[in-house]
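Q: What follows is a single structure, and I will ask about it in a moment.
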Amino acid sequence: MQEHEGNITRRRLLAKGGMIVGGMAASSSLLGQSSSGQQSSGQQSSTLASAQSLTNAQTWPGQAFGNGLLSGKVAVITGAARGIGRAIAVDMAANGADIVGLDICSKILPVQEYAVTTRQDLDQTGQLVQKHGRKFMPVVGDVRDMTFLRSTADKVEQQFGHIDIVVANAATQLYKPLLEMEDWEWTDVINNNLNGTANTLRAFGPRLVKRGQGRIIVLASMQGKHGSKNMASYSASKWGIIGLMKSAALELGKSKVTVNALIPGLVDTPLTHNESRWSTLIGEIEATDNPPKNPTEQQAAQARAPHVPLKVPWLKPEDLAPAAVFLASDLAAMVTGACYDVTGGDDANNLS
Ligand SMILES: NC(=O)c1ccc[n+]([C@@H]2O[C@H](COP(=O)([O-])OP(=O)(O)OC[C@H]3O[C@@H](n4cnc5c(N)ncnc54)[C@H](O)[C@@H]3O)[C@@H](O)[C@H]2O)c1
């Protein structure tokens, strides 16, 4: 590692380390509620505790970019309880939007090897939104359930009168070589991520079309632009989401509804804040099939930062939110069918 790169990496690690260690003790009781019975080894549960404390600590206050860029708008955001969905909710509220925050707030797959989202997480998002004087409607449910989504669309229209913005953000992932996957490990990830995103568009899209205006943002990934070892179901779901987004943009343009994809690089959220993800990324960087199984966060950060053009190991959720606010605003009226990369430059290695 060059000296300059190392300095930047160390500065970020020192800043992060304080936050994570500081939040850990406070989070142990929450961890017991949310992930009971899933992890037995001390090291795994300390990673889970660290991920849960990350959720509690990710309290980005939001940032206004102009005078009420989203004033009077109503945004429905799936997966809003934490991570990127939370940061988008708070930034949209800071820019004038009322928020409907939808999340499953429980285990997504039969086995989930990272911290499970709780109802308290969703309430914390609500508090951050309400600090901006905006309304927050929490909705607990599953984007795989069309009946639930359609009835939510009815309830949102009854409460707010209209829907302007839909952010299809909810997703999950798991790590397994393709040929070793159980059937559910393939189908459940595709069902949750790709079908769940399509369901969200199919349930809320008609409300935007009816009004002849609206913004849809889907969350894809860099892994939806290239393959990923041991994450084939996730990668395939994200490639599918880009195809879905482009098809929907072609169909909904005549109704003045735009459809775009936000492409995050690696972002530090409970989804990725775990040893499996860190191990996979070290394996990719070192081109080895045998990366360390239980690397620390610091090992992963030091391995990765030198390879990212902006020399950070990963992004924060709030790094993504400004692009979502822009895409949801009137400023983006002529942007549709597009992928917006917010990756610290990581995506410069890809073709498109
Ligand atoms: N974190 C990253 O590095 C990264 C990188 C690229 C793309 N993304 C994408 O960004 C989005 C947000 O990811 P994150 O990192 O904030 O993850 P996260 O796990 O912190 O948050 C995702 C939220 O979605 C919810 N959710 C998942 N499935 C659901 C379902 N069926 N119904 C309702 N809610 C559901 C979860 O409960 C969770 O609260 C995802 O689409 C993810 O694939 C993340």
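What follows draws every value from the coordinates through simple rules; no lab data is involved. Quick caveat: nothing in here was measured; it's all calculated off a predicted structure. Note: ideal-geometry Cβ built from the backbone for every residue, glycine included; neighbour counts use all protein chains shown.
Q: Multiplying the sequence separation of Ala57 and Asp154 by 0.36 nm and subtracting their Cα-Cα distance, what value in nm do you get? Could the numbers behind the result be given before it?
A: Details: separation 97, 0.36 × 97 = 34.92 nm, distance 3.36 nm.
Between Ala57 and Asp154, full extension yields an extra 31.6 nm.
Q: If you take the alpha carbon radius of gyration of the range 264-352 and divide it by 2.2 N^0.38 Å, what ratio comes out, to two decimals? Intermediate values should be presented prior to the final figure.
A: Numbers: Rg = 15.3 Å, N = 89, 2.2 N^0.38 = 12.1 Å.
Computed over Cα atoms of the range 264-352, the ratio equals 1.26.
Q: Related question: If the cut-off is a Cα-Cα distance under 20 Å, which aspartates and glutamates reach Lys311, setting aside same-chain residues fewer than 8 apart in sequence?
A: The reachable aspartates and glutamates, counting only those whose Cα sits under 20 Å from Lys311, are Glu3, Glu5, Asp268, Glu284, Glu286, Glu297, Asp319, Asp341, Asp346, Asp347.
Q: Something else: Given the C-alpha centroids of the range 147-189 and the range 47-109, what is the distance between them in whole angstrom?
A: If we compute the Cα centre of each part, the gap is 16 Å.
Q: Excluding residues on the same chain fewer than 8 positions from Lys176, give the aspartates and glutamates whose Cα lies under 14 Å from its Cα.
A: Of all the aspartates and glutamates, those that pass the test against Lys176 - Cα under 14 Å, at least 8 places apart if same chain - are Glu113, Glu185, Asp188, Glu275, Asp289.
Q: Oh, and also: Pick from Asn199, Asn169, Asn67 the residue whose mean-square fluctuation is largest in a GNM of the chain, springs joining Cα atoms under 10 Å.
A: Asn67
Q: Here is a further query. If you add up the charges near Leu244, with Lys and Arg at +1 and Asp and Glu at -1, over every other residue whose beta carbon is less than 12 angstrom from its beta carbon, what do you get? Could the numbers behind the result be given before it?
A: Values: positive: Arg202, Lys238, Lys246; negative: Glu251.
Value of the local net charge: +2.
Q: Follow-up question, since we're still on this one. Which residues' amide hydrogens lie under 5 Å from the amide hydrogen of Leu315, considering only partners 5 or more residues apart or on another chain, with H built in the peptide plane?
A: Close amide H contacts, sequence-distant or interchain: Leu266, Val267, Asp268.
Q: On to the next question. How high is the relative contact order of the range 3-349, in percent, counting Cα pairs under 8 Å that sit 6 or more residues apart? Walk me through the numbers before you get to the answer.
A: Working: 674 pairs, mean separation 62.2, N = 347.
Computed value for the range 3-349: 18 percent relative contact order.
Q: Binning at 20 Å from 0, report for the chain what percent of all alpha-carbon pair distances ends up in each bin.
A: Bins of 20 Å from zero give 31, 61, 8 percent of pairs.
Q: Going by a ≥ b ≥ c, the root eigenvalues of the Cα gyration tensor, does the range 92-164 fall in the rounded group (a/c under 1.5), the prolate group (a/b larger than b/c) or the oblate group?
A: Values: a/c = 2.96, a/b = 1.31, b/c = 2.26.
Oblate is the answer for the range 92-164, as a/c is 1.5 or above yet b/c matches or exceeds a/b.
Q: What are the DSSP H helices in the chain that stretch 15 Å or more along their long axis, judged by alpha-carbon atoms, and whose average Kyte-Doolittle hydropathy comes to at least 0.0? Intermediate values should be presented prior to the final figure.
A: Numbers: long enough: 3-34 (43 Å, -0.10); 42-57 (22 Å, -0.38); 83-94 (17 Å, 1.13); 119-130 (16 Å, -1.23); 146-160 (21 Å, -0.49); 196-211 (23 Å, -0.41); 232-252 (29 Å, 0.57); 275-286 (16 Å, -0.48); 317-328 (17 Å, 0.97).
Span-like helices in the chain: 83-94, 232-252, 317-328.
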